[in-house]
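Reviewing the structure listed below.
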Amino acid sequence: MKSPTLLRALLFVPLCAIAISGCSPSRVPDSNKGKTTRVADLRIFRFDYKTVTQLVVEKGGNAAKNHPKDHQWSIRLQKNENGNWEFASSPEGTTLLDRRADTVFIDHLLDTISTAQKVTSITTAAPESLGLVPPGFAFRWISKAGEMELRIGNPAGDATQHAEMQGLAFASAPPNPEVFTIRGSVLKMLAHIGSFETLRQRTWATFPADDVDELELFIGPSPRKSRLYAQREGDVWTDRKHKPLKAQVGPFLEWLTTFKVAEFIDEEKLANKLANSPAAYHEVRVTDRHGKATVFRLKDLRGKSTQPEVVGTLSTRPGTVAISTRDFERIKAFFSSSRSGG
């Protein structure tokens, strides 16, 4: 029978490019000095997530076995010159036309790893029995504090259930052979990483609503017609004659710059075919305060025996994406309201 300690544990061992002593508070800068001594002593890692420049995420072990639709995968992320995360490599057999990653989510993930706490050492079980070889999840990253690794197990049966009830998990951190149970918000974050797609930047727009100074709506392709022109004048949106508009431009822009795409179309031939399909389109053209224009173009392909039914392109991002019919109907509704009451 498995011991109670084993059933509760989550293993975690900090991996550093240098020896385990190199991860001690005396050798590595502590980025969380404001915390109490007790919490600082329990933390496994000492690094500032803001200084991380590379991150490898691997999913496998029992995590993949328990979710047949999710493949075992490995990806590498790299921070670009603007401080945003991008995919440097994708899972084997996949090609990403759009390599933007979800910077907010990834920074939050690294932040929660930096606060993970050691609970109990595990000395009575082999790593294989705790789902650490191969691990359910593995994270390797490079920061100013060095190279580190975290492996989290996903054993089957009662051990998993008991660990989840206690808010714990099994973990290890090579090259240190010690195994721990850990706790922290990082365990809740793992529940959101169903596949590598979770790490992609699904918010379509590449700018906030406050950056937009002008908006124009078009329908096409022939004849191409302008349905609305709006320009920001303080807190008011006006037409070309500076007459205030009835159209709810502000709320629409807030939504447009935050809604998420339904799916990325990464097969290049299909993406090009859908983008160039001779179908009617709805186009939203926005211009920022520096005069730079960005164009959203959406096509309704329903009834054309194609999948997906609604697709879109954005001038500041590569490839073609699928848009949910619900989101597309919201865009159409704004076009209609602007034409009737703009």
- Query: Could we say that Thr306 is touching a strand residue (DSSP E or B) at 6+ places or on another chain (Cβ under 6 Å) and in contact (Cβ under 8 Å) with a residue 24 or more places away in the chain here?
  - Reply: no
- Item | Subset of region 108-126 (residues that are assigned to a loop (DSSP other than H, G, I, E, B) and among the small types (Gly, Ala, Ser)) | Ala116, Ala125, Ala126
- Enumerate the pairs (first residue in region 257-280 and in the same structural domain as Arg297 (by TED's automatic domain parsing); second residue anywhere and among the aromatic types (Phe, Trp, Tyr)) with beta-carbon separation below 8 Å, excluding pairs fewer than 6 apart on the same chain, so at least 6 apart or on different chains. Thr257/Phe207; Phe259/Trp204; Lys260/Trp204; Val261/Trp204
- Filtering region 291-314 for residues that are surrounded by 14 or more Cβ atoms within 10 Å (Cβ to Cβ), under 19 Å from Lys260 (Cα atoms) and polar (S, T, N, Q) leaves a count of 2
- Query: Gly93 versus (1) without any contact (Cβ under 8 Å) to a residue 60 or more places away in the chain; (2) more than 30 Å from Pro177 (Cα to Cα); (3) touching a strand residue (DSSP E or B) at 6+ places or on another chain (Cβ under 9 Å): which is the lone unmet condition?
  - Reply: (3)
- Message: Going by what's in this entry, would Phe264 be described as surrounded by 18 or more Cβ atoms within 10 Å (Cβ to Cβ) and over 27 Å from Ala101 (Cα atoms)?
- Response: no
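Does any residue of region 241-250 turn out to be surrounded by 20 or more Cβ atoms within 10 Å (Cβ to Cβ), within 29 Å of Arg326 (Cβ to Cβ), under 32 Å from the mean Cα position of the chain (by Cα) and at pLDDT 95 or above? Break it down stepwise before answering.
Keep residues of region 241-250 that are surrounded by 20 or more Cβ atoms within 10 Å (Cβ to Cβ), which gives 247, 249.
If we keep only those that are within 29 Å of Arg326 (Cβ to Cβ) too, we end up with 247, 249.
Checking which are under 32 Å from the mean Cα position of the chain (by Cα) leaves us with 249.
Now narrow it down to the ones that are at pLDDT 95 or above: 249.
Among the residues of region 241-250, at least one is surrounded by 20 or more Cβ atoms within 10 Å (Cβ to Cβ), within 29 Å of Arg326 (Cβ to Cβ), under 32 Å from the mean Cα position of the chain (by Cα) and at pLDDT 95 or above, which makes the answer yes.
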- Note on the structure: Of the residues in region 192-240 that are within 17 Å of the chain's Cα centre (by Cα) and farther than 20 Å from Thr258 by Cα, the one that is surrounded by the most Cβ atoms within 10 Å (Cβ to Cβ) is Phe196
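Residue-by-condition table, conditions (1) assigned to a strand (DSSP E or B); (2) over 22 Å from Gly312 (Cα atoms); (3) basic (Lys, Arg); (4) outside the structural domain of Val119 (by TED's automatic domain parsing):
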site: Ile182; (1), (2), (3), (4): yes, yes, no, no
site: Pro223; (1), (2), (3), (4): no, no, no, yes
site: Tyr229; (1), (2), (3), (4): yes, no, no, yes
site: Arg232; (1), (2), (3), (4): yes, yes, yes, yes
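The values are calculated or read from the model by the stated rules, or taken from the named source; none is laboratory data. All values reported here derive from a predicted model rather than from experimental measurement. We place every Cβ from the backbone using ideal geometry, glycine too, and count neighbours over all the protein chains shown.
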